[in-house]
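The values are calculated or read from the model by the stated rules, or taken from the named source; none is laboratory data. The shown structure was predicted, so the numbers you read here are calculated from the model rather than taken from an experiment. Backbone-built Cβ (ideal geometry, glycine too); neighbour counts: all protein chains shown. To get the accessible areas, we keep the full protein, side chains included, count just its heavy atoms, and leave off ligands, DNA and RNA. Shrake-Rupley method; radii C 1.70, N 1.55, O 1.52, S 1.80 Å.
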Amino acid sequence: MGHQTWQRWLLLFFTGLFGLLLIGETFLSSSRWIDQPFPGFFVHENLTVGPYFVPGWSGAAGGVQSLDRVVSVNGSQLRDRAEFYDLARKAPLGSQLRYRVIRDAQVLELTVATMTFGLRDWFLSFGIYIVIGLAFLVIGVAPYFFRASSPVALPLCFMVLTVFVWFQTTFDFMTEALLPKELRIFALTLTPSAGIHLALLLRQGSLAPSSLSPIPLVSIYGISIALGILNSATFFGPLEYWIAIFRAAYVYTCIGALSFLMIMGYALRRTASDLERSRLRVMFLGALLGFLIPTLITVLTSSFQWPIPYNIALVPTVFFPISVAYALLKYSLFDLGNALRVALSRIALMAFLIGIYAVLAFLVAPWAGQYAKDPLVPIFFSILVVAIFNPLLRWLESIVDRYIYRQDYDSAQVQEEISLFLRSLDSAPALAKGFVERITRSLGIASAVVVYRVKHSTECLTAATGSMAESAPAIASQTERLTDNWHGSDYRGIARSEVTTNPRLERNKEMLLGFFERGRSELLIPLVYEREVRGVALFGAKRSAQEYSAEDLRLLRTLTDQLALSLENGRLYEESIQAYQRAEATNKKLVEMDRIKKDFVANICHELRTPVSTIIGYGEVLRDLKVSEDAQNILDRLVNNGQDLSALMDNLMNFSRMEADGSAAQFEVVKLNEILTGLEMMTQRLIRERPIKFGIRRESAIETIESDANKLQQILVQLLTNALKFTEKGKIELSIRSMTRANDTFIEIGVADTGIGIRSEDQALIFEDFRQLDGSSKRQYGGTGLGLGLCKKLAAALGGEIRVASEVGVGSVFSLLLPVSLPELAERKYGGTQASQLVL
């Protein structure tokens, strides 16, 4: 390896030194012509006119053609080329010099004015050849310098070196003759042979050189050497012989270009690798633009005298080394395909715009007359180009995709369809399976496998077409090794043919080839999430046997990027569903446990009610007997505590029933007087000898309401017992009044006391279940905290509400607001449905 590196640098050093010396000589010798008198054309050392003209030169205007032999100037016979240029320099600028020339065995008299050789003339002649020659050398040597894997890089160096010498010595061949004429002659004749040699190395469709028989190489280079020798030998001999050899050299160059294209076309048909096919296509296109067309122009100008600006026509030659160097240095199928697609569409666009210009220049301009010279015409043409550029370019790209790459689908439509599917909320396995089905159907891919490894997990999600289902587990088992060894930030994907040629993949070559083999695939694209390779997508060959195009690769890369994000979202969606299901199961279990608890409480209360009622009954019987005062007090406490216990069990049972089934209210006509009479008797009995006054105040003439009598009575009993519990002395008042709200009549039943009162911040808390303002074990007032919470639920079941107004140390007022006529309430709330029952 070290020896090869030493050889490489030595070759590059001498090539660079030779190129620098040659360019320096050309630049220094040619710069002396700037701003000097000039005959209007150049001649070779044998006094034949060179086939190089720049627009504006007086030689072309005077009728001088390439390969005319100049015999005399103003009647003076010429002995050599130096005398020819001296006569032009000594003549006043613009002098009409009379030339006698020999053309096709005929003697012609031509008059050509002298002119100044300006900087523009230098750039369009010497300058173009210097720039293009240097570009050839630099671009052509680049693959060898950057160590392209193909051995073709070295023959390419030889070819571009011959072209470089050809270009750099061209004008020295027609002006100073400081360099041996053979340097230019043999550079010209060796160029086509080097091109054919380069093509033969690629004829098998592989960038590795095939075994070449020495016979064809000896033949092609023998032709070049023979033409060079004949050209040099006949240079000063009979004119017709030299012209024939001169033209034959240019024709051989054109034949070399045609041979290169034919060999490339043959290799294209033979190769089975998409990567090599794309490389050959890039080189074919570059050879067409930069090899065949310039050499064809050379033949047309030198042999048929076509008035083509030969110097300008040589500019496209740079496309040839660019295409070959790009093909040798690029190992990505995506880059090669995209470069070819862009080149084809841009070339077609350029040809189309030139055609439009030609139509406007040759058809519209004569018809427009003097208006064609208006300064607004270029502006109009520019606007026309801008208006049609983008739509036309997109149309040309679609034409290239359809007829060059045989693309039989609408990429925008496919991308929209699959992207829409990937944005759907579904599980990761469903998304992966749907992606594989849709992508293979839309792009006509024979098989596909998707393997995705979830972060912080060893499990892999797989999805595959039917034929690849059995291979998917084996591929998944190796995916972690692949993703862990994926280096760098290049996530564009790999083609099977890239693995064997790309030196960047040499380290993992065997592993990658194993993946392609197991997956029977042609493309491998990584699935990347948060700049980390989480899996791969393998795509098999197309059913149509067509290669993957740049548009295919772009589309697949875009969709696989979306797939990775969708799989992560799908995984999170699955986890959220599982979490929801766990929470739902836990909630159902809690609800069931709560129901069991409430049933247990209700059953216990029901079982305790009978013995407690018995105790209270016997206590009241004993209390009516004549017993001692101490015994009477004991019996009173027994009965009172028994009644408190009975009320507590009633509250617990009602609460459990309300929580379990809502305790449906049975609405009927309720007589308020009957309810009030019972409440008064109960309250007076509970007050006994306590310093508390009880009264009822009515401000309403309403005698009946539609409600549930039991629940209404239960609410009012609870409010009155609460008032008695927290009032040591003073008064308790039950008030009734009617009120109208939103055209509906309500009745408000209030219970006012002069008890301890409730702080404003605690007034909302007292209606919560099991809530007591004093929850300590040493509290003064007993109870479970269910009374007011139960009252609120019962009031809601009756279609009303309960509220409180209180002041600490002054007392409290609890108000129950109920509708008088329930059907009107039901009509308004439930859209006319029958309101025989309202369930909480």
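Exactly one residue among Glu592, Glu575, Glu517 is without any contact (Cβ under 8 Å) to a residue 12 or more places away in the chain, within 23 Å of Ile475 (Cα to Cα) and either open to solvent by 70 Å² or more (accessible area, probe 1.4 Å) or of a type in the set (S, T, N, Q) (or both), and that residue is Glu517.
When Arg557, Arg595, Arg571 are checked against the criterion of being in a helix (DSSP H, G or I) and closer than 30 Å to Asp644 by Cα, a single residue qualifies: Arg595.
The set of residues from region 30-56 being of a type outside the set (Ser, Thr, Tyr), under 60 Å from the mean Cα position of the chain (by Cα), open to solvent by less than 10 Å² (accessible area, probe 1.4 Å) and more than 16 Å from Val101 (Cβ to Cβ) comprises Trp33, Val54. Restricting attention to region 605-621, the residues that are at pLDDT below 75, aliphatic (A, V, I, L, M), farther than 21 Å from Gly787 by Cα and surrounded by 12 or more Cβ atoms within 10 Å (Cβ to Cβ) total 1. Within region 440-449, one or more residues are in a helix (DSSP H, G or I) and touching an Asp or Glu at 6+ places or on another chain (Cβ under 9 Å). Among residues that are at pLDDT below 85 and of a type outside the set (Val, Ile, Thr), Ala428 is not included. For region 263-279, name all the residues that are under 19 Å from Leu212 (Cβ atoms) and either in a loop (DSSP other than H, G, I, E, B) or in contact with a strand residue (DSSP E or B) (Cβ under 6 Å, 6 or more places away or on another chain) (or both). Listed by number, the list holds a single entry, Thr271. Restricting the first member to region 339-355 and to residues that are in contact (Cβ under 8 Å) with a residue 12 or more places away in the chain and over 15 Å from Trp395 (Cβ atoms), and the second to residues that are among the aromatic types (Phe, Trp, Tyr) and crowded, with 19+ Cβ neighbours inside 10 Å, the beta-carbon pairs closer than 7 Å and six or more apart or on different chains are Ala339/Tyr326.
If you go through region 711-769 and keep only what is aromatic (Phe, Trp, Tyr) and under 60 Å from the mean Cα position of the chain (by Cα), you end up with just Phe767. Could you go through region 394-412 and let me know if any residue there is at pLDDT 85 or above, under 24 Å from Leu340 (Cβ atoms), loosely packed, with under 11 Cβ neighbours inside 10 Å and under 21 Å from the mean Cα position of the chain (by Cα). Yes, region 394-412 contains a residue that is at pLDDT 85 or above, under 24 Å from Leu340 (Cβ atoms), loosely packed, with under 11 Cβ neighbours inside 10 Å and under 21 Å from the mean Cα position of the chain (by Cα). Taken over region 534-554, residues that are among the hydrophobic types (A, V, I, L, M, F, W, C), out of contact with any strand residue (DSSP E or B) (no Cβ under 8 Å at 6 or more places or on another chain) and open to solvent by 10 Å² or more (accessible area, probe 1.4 Å) amount to 1.
Does Gly290 satisfy the criteria of being without any contact (Cβ under 8 Å) to a residue 40 or more places away in the chain and surrounded by 20 or more Cβ atoms within 10 Å (Cβ to Cβ)? So Gly290 passes the test.
On inspection, Ile130 passes the criterion of being closer than 30 Å to Cys157 by Cβ and either more than 60 Å from the chain's Cα centre (by Cα) or part of a helix (DSSP H, G or I) (or both). For region 433-459, the tally of residues that are at pLDDT 90 or above, farther than 19 Å from Tyr548 by Cβ and open to solvent by less than 20 Å² (accessible area, probe 1.4 Å) stands at 1. Just so you know, in region 1-50 the residues that are aliphatic (A, V, I, L, M) and in a loop (DSSP other than H, G, I, E, B) include one that is modelled with the lowest pLDDT, and it is Met1.
Within region 162-186, restricting attention to residues that are open to solvent by 10 Å² or more (accessible area, probe 1.4 Å), among the aliphatic types (A, V, I, L, M) and assigned to a helix (DSSP H, G or I), the residue that is farthest from Arg270 (Cα to Cα) is Leu183. The residues listed here are Val251, Val299; of these, the one that is more than 26 Å from Ile139 (Cβ to Cβ) and either hydrophobic (A, V, I, L, M, F, W, C) or surrounded by 21 or more Cβ atoms within 10 Å (Cβ to Cβ) (or both) is Val251. I'd like to verify a number: residues in region 68-88 that are surrounded by fewer than 20 Cβ atoms within 10 Å (Cβ to Cβ), assigned to a loop (DSSP other than H, G, I, E, B) and not polar (S, T, N, Q), how many? Final tally of qualifying residues: 4. Being touching a Phe, Trp or Tyr at 6+ places or on another chain (Cβ under 7 Å) and of a type in the set (Phe, Trp, Tyr) is a description that applies to Phe726. Would region 630-638 turn up any residue that is surrounded by 11 or more Cβ atoms within 10 Å (Cβ to Cβ), under 60 Å from the mean Cα position of the chain (by Cα), free of Cβ contacts under 8 Å to residues at least 24 places away in the same chain and part of a helix (DSSP H, G or I)? No, there is no match, as no residue in region 630-638 is surrounded by 11 or more Cβ atoms within 10 Å (Cβ to Cβ), under 60 Å from the mean Cα position of the chain (by Cα), free of Cβ contacts under 8 Å to residues at least 24 places away in the same chain and part of a helix (DSSP H, G or I).
Considering region 798-819, and only residues there that are outside any strand (DSSP E or B) and open to solvent by 30 Å² or more (accessible area, probe 1.4 Å), the residue that is nearest to Leu734 (Cα to Cα) turns out to be Val810. Given the criteria within 51 Å of the chain's Cα centre (by Cα) and in a helix (DSSP H, G or I), does Glu240 qualify? When the stated conditions are applied, Glu240 does not pass them.
Taking region 521-550 as the range and being within 23 Å of Tyr405 (Cα to Cα) and modelled with pLDDT of 85 or more as the test, the residues that pass are Ser521, Glu522, Leu523, Leu524, Ile525, Ala537, Leu538, Phe539, Gly540, Ala541, Lys542, Arg543. Each residue in region 115-134 was checked for being open to solvent by 30 Å² or more (accessible area, probe 1.4 Å), in contact (Cβ under 8 Å) with a residue 12 or more places away in the chain and under 12 Å from Ile23 (Cβ atoms), and 1 pass. Filtering region 417-439 to residues that are within 17 Å of Val449 (Cα to Cα) and aliphatic (A, V, I, L, M) leaves Ile418, Leu422, Ala428, Ala430, Leu431, Ala432, Val436, Ile439.
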